[in-house]
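Q: First the structure, which I've put down as structure tokens, then a few questions once you've had a look.
The numbers here are math on the coordinates, done by the rules we state, and not lab data. Since the model is a prediction, treat every value here as computed from it, not as a measurement. Using ideal geometry, Cβ is built from the backbone for each residue, glycine included, and neighbour counts are taken over all protein chains shown.
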Amino acid sequence: MLGLKLPTDPRWVNIVAKNIEEILTDHAYCEQKAASSAISLIIGFPEKTDLVQEMIALVQEEISHFKMVHDLILERGLTLGRERKDEYVIALMKFFPKGGSREDHLVHKLLYAALIEARSCERFRLLSEELEDEKLARFYRKLMISEANHYTTFLKFARQYGRSREAVDKKWEALLVYEAQLMQELGKKETMHG
């Protein structure tokens, strides 16, 4: 369903299980960045009323997810660590060339967002099935459903605002191939993506 070309190595869960504090901190910032990205789309494309409406709802949901993760951190007697660079997102953003039309810029932002949500969904599924910590496993199962909805929303808008469905699907396919190559190098740390 997600279209990812390279699944996460299941051994990644072992890395996460040994570094719960790190993954929770990284996850919290991922939720915050997702909210910021949605706000950025509102600011950048205010005339796209249907997109703005959807992004308002998304901001609220992502911030509520941030709070949920932060609450888990506090429950465990931990504190939110400092933000880390997201190597995955930094590398992903290098795929599309700079410049281009405003329409291209929007489609590229939407495709990046769709892919990040798809990878998050896939990772949440893995955590929900493989973590021995039952509370965390249930938590990630619940979030997995949310991420799947976000992925389809971003992809739908990319197709809606792109020049043609074929052109957007071609870009999407190329981005998926590129991301699979990235995942061969990344995906071995206690971070949500990288």
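Q: Which value, in Å to one decimal place, does the Kirkwood hydrodynamic radius take for the stretch 50-121 when every pair of different Cα atoms is included?
A: Its Kirkwood hydrodynamic radius stands at 14.8 Å.
Q: Tell me what the chain gives for mean residue ellipticity at 222 nm when only DSSP H runs of n ≥ 4 count, each as -39,500 (n - 2.57), the sum divided by the residue total, rounded to 500 deg cm²/dmol. Intermediate values should be presented prior to the final figure.
A: Numbers: 7 runs with 142 residues, N = 194.
Counting only the DSSP helices, I get -25000 deg cm²/dmol.
Q: So what is the orientation-averaged projected area of the stretch 1-86, using the convex hull of its C-alpha atoms, in nm²?
A: Numbers: hull surface 30.0 nm².
For the stretch 1-86, averaging the hull's shadow over all directions gives 7.5 nm².
Q: Would any residue of the stretch 155-194 have its amide N under 17 Å from a label point 7 Å out along Cα→Cβ of E21? List them or say none.
A: Backbone N within reach: 190-191.
Q: Grab the Cα-Cα distance for K188 and E173, subtract it from 0.36 nm times how many residues apart they are, and report the gain in nm with one decimal.
A: Extending this stretch completely gives an extra 3.0 nm.
Q: If you don't mind, there's one more thing I want to ask. Starting from the Cα coordinates of the stretch 14-185, work out the convex hull volume and express it per residue in Å³.
A: So the per-residue hull volume is 117 Å³.
Q: Which of the lysines could a cross-linker span from K170 if the Cα-Cα distance has to be under 21 Å and same-chain partners fewer than 8 positions apart are dropped?
A: Excluding near neighbours in sequence, the set is K5, K94, K98, K109, K156.
Q: In addition: Measuring from a point 7 Å past the Cα of K94 along Cα-to-C-beta, which residues in the stretch 163-194 have an amide N at less than 17 Å?
A: The answer is 175-188, 194, whose backbone nitrogens lie closer than 17 Å to the label point.
Q: While we're here: Would you mind checking the tilt of helix 134-161 against the longest principal axis of the Cα atoms of the chain, expressed as 0 to 90 degrees and rounded to 10?
A: 10
Q: Hey, another quick one. Once both axes come from the Cα atoms, what is the angle between helix 49-75 and the longest principal axis of the chain, in degrees from 0 to 90, rounded to 10?
A: Long axis of 49-75 versus the principal axis of the chain: about 10 degrees.
Q: Projected onto the charge dipole of the chain (+1 at Lys/Arg Cβ, -1 at Asp/Glu Cβ, origin at the Cα centre), which of A167, H70, Q32 gives the Cα projection farthest towards the positive end?
A: So the residue we want is A167.
Q: Further question on the same structure: Describe numerically, in nm with one decimal, the distance between label points set 7 Å from Cα along Cα→Cβ at V52 and at K67.
A: 2.5
Q: Please state the charge dipole magnitude for the chain, taken about the Cα centre, from unit charges on C-beta atoms (+1 on K and R, -1 on D and E), reported in debye and rounded to the nearest 20.
A: Working: 29 positive and 31 negative charges, 94 e Å.
Here the chain has a charge dipole of around 460 debye.
Q: Which whole-number percentage describes the relative contact order of the chain, with Cα contacts under 8 Å and a sequence gap of 6 or more?
A: 33
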